[in-house]
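Below you'll find the structure, written out as structure tokens, and then a few comments.
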Amino acid sequence: MENNKKIVIAIDGFSSCGKSTFAKAIAARLGYIFIDTGAMYRAVTLYALEQGAIRDGEVDAEAVVTLLPEINISFSFNAERGASDIYVNGELAEGRIRTIEVSNCVSKVSSIREVREKLVAMQQQMGQKRGVVMDGRDIGTVVFPDAELKIFMTADAQVRAERRYAELTAKGDKVTMEEILENVISRDKADMERAISPLRQAEDAVVLDNSYMSVDEQMAWFMERYEEIVKC
Ligand code: DC
């Protein structure tokens, strides 16, 4: 169902709980723009890895900050995927930002104040005209505290690790279930404990635990809330 009133839908929550899949489905249903803010933090991490600002898993925060002015992030809609692909300095980065190497360093990179300032400003600009579904960790608390609909997503850590494992092995990545589970747990901890914009549920967010819900069930759950808001 479409409605003329365009709103901002903020989806925050733990890693690998299907935020992007859910956000993408909502955007397609409503004709909204979907913005995956995690992809932006991953893109900065990828660039920092390529430029040597991260070595042997050690993030040199000062070096990352120095690189920031030369990182140009853009999105271009890919009709086949039904979502936007991310580009770093004009080069397609979509596939390269989802490796375990990037996943292992992205929490540290995303805890750097200057990185957050740059990306939050970009995100606010992208959602200025409303009509966006944005997923991340701080959308309902920092990026769009005035979002009309805030959803906080969560799912059991084991279920999330199984999903991520299936995704990566389907792509041919050689990973073990143990390292994925460890990465999921350590990222949850890092995301919740960082000093700047930690992951937390906004007071006015509604919780969606999708451990045992299908995408269709999640969509039905969402539409009920959405319709209540737009009819006001
Ligand atoms: O959603 P994701 O797993 O692709 O996000 C990658 C990392 O980026 C995640 O570990 C935390 C960080 N992130 C963030 O700090 N703030 C956001 N709005 C989105 C992601």
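The values are calculated or read from the model by the stated rules, or taken from the named source; none is laboratory data. Owing to the predicted nature of the structure, the values given are computational and were not obtained by experimental measurement. Backbone-built Cβ (ideal geometry, glycine too); neighbour counts: all protein chains shown. All accessible areas refer to the heavy atoms of the entire protein, side chains included, with ligands and DNA or RNA removed. Shrake-Rupley method; radii C 1.70, N 1.55, O 1.52, S 1.80 Å.
Looking at this structure, is Thr141 touching a strand residue (DSSP E or B) at 6+ places or on another chain (Cβ under 6 Å) and touching a residue at least 60 places away in the same chain (Cβ under 8 Å)? If you could, list the steps in order and put the result at the bottom.
Numbers: touching a strand residue (DSSP E or B) at 6+ places or on another chain (Cβ under 6 Å): no; touching a residue at least 60 places away in the same chain (Cβ under 8 Å): yes.
The answer is no for Thr141.
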A careful count of residues in region 1-38 that are within 13 Å of the ligand (Cβ to nearest atom) and among the acidic types (Asp, Glu) gives 2
Count of region 44-65 residues which are away from the ligand (no atom under 15 Å from the Cβ), more than 13 Å from Val115 (Cβ to Cβ) and surrounded by fewer than 13 Cβ atoms within 10 Å (Cβ to Cβ): 4
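What number of residues within region 113-132 satisfy the criterion of being farther than 21 Å from Asp191 by Cα and touching a residue at least 40 places away in the same chain (Cβ under 8 Å)?
Here is the first cut: in region 113-132, the residues farther than 21 Å from Asp191 by Cα are 125-132.
From what's left, touching a residue at least 40 places away in the same chain (Cβ under 8 Å): 126-127, 129-132.
Residues in region 113-132 being farther than 21 Å from Asp191 by Cα and touching a residue at least 40 places away in the same chain (Cβ under 8 Å): 6 in total.
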Looking at Val184, Val159, Val175 in this structure, which one is open to solvent by less than 60 Å² (accessible area, probe 1.4 Å), in contact with a Leu (Cβ under 7 Å, 6 or more places away or on another chain) and either assigned to a strand (DSSP E or B) or not aromatic (Phe, Trp, Tyr) (or both)? Val175
Quick one: Tyr41 ticks every box in (1) within 10 Å of the ligand (Cβ to nearest atom); (2) in contact with an Asp or Glu (Cβ under 9 Å, 6 or more places away or on another chain); (3) open to solvent by less than 20 Å² (accessible area, probe 1.4 Å) bar one, so which box is it? (2)
Show the residue pairs that are 6+ apart or on different chains and have beta-carbon atoms under 7 Å apart, the first residue being within region 74-96 and at positive phi, the second being small (Gly, Ala, Ser) and open to solvent by 50 Å² or more (accessible area, probe 1.4 Å). Gly82/Ala28
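Kindly provide the set of residues from region 116-161 that are among the charged types (D, E, K, R) and within 11 Å of the ligand (Cβ to nearest atom), ordered by number. Talk me through it step by step, then tell me what you get.
First, the residues of region 116-161 that are among the charged types (D, E, K, R): 116-118, 129-130, 135, 137-138, 146, 148, 150, 156, 160.
Residues satisfying the conditions are Arg116, Asp135, Arg137, Asp138, Arg160.
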Could you please let me know if Ser111 is open to solvent by 20 Å² or more (accessible area, probe 1.4 Å), more than 26 Å from Gln218 (Cβ to Cβ) and part of a loop (DSSP other than H, G, I, E, B)? yes
Within region 66-102, residues being part of a helix (DSSP H, G or I), more than 15 Å from the ligand (Cβ to nearest atom) and within 21 Å of the chain's Cα centre (by Cα) number 1
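Within region 122-133, restricting attention to residues that are in a helix (DSSP H, G or I) and over 15 Å from Ala43 (Cβ atoms), which residue is farthest from the chain's Cα centre (by Cα)?
First, pick out the residues of region 122-133 that are in a helix (DSSP H, G or I): 122-126.
Then drop every residue that is not over 15 Å from Ala43 (Cβ atoms), which leaves 124-125.
On the way: Gln124: 15, Gln125: 17 Å.
So the residue we want is Gln125.
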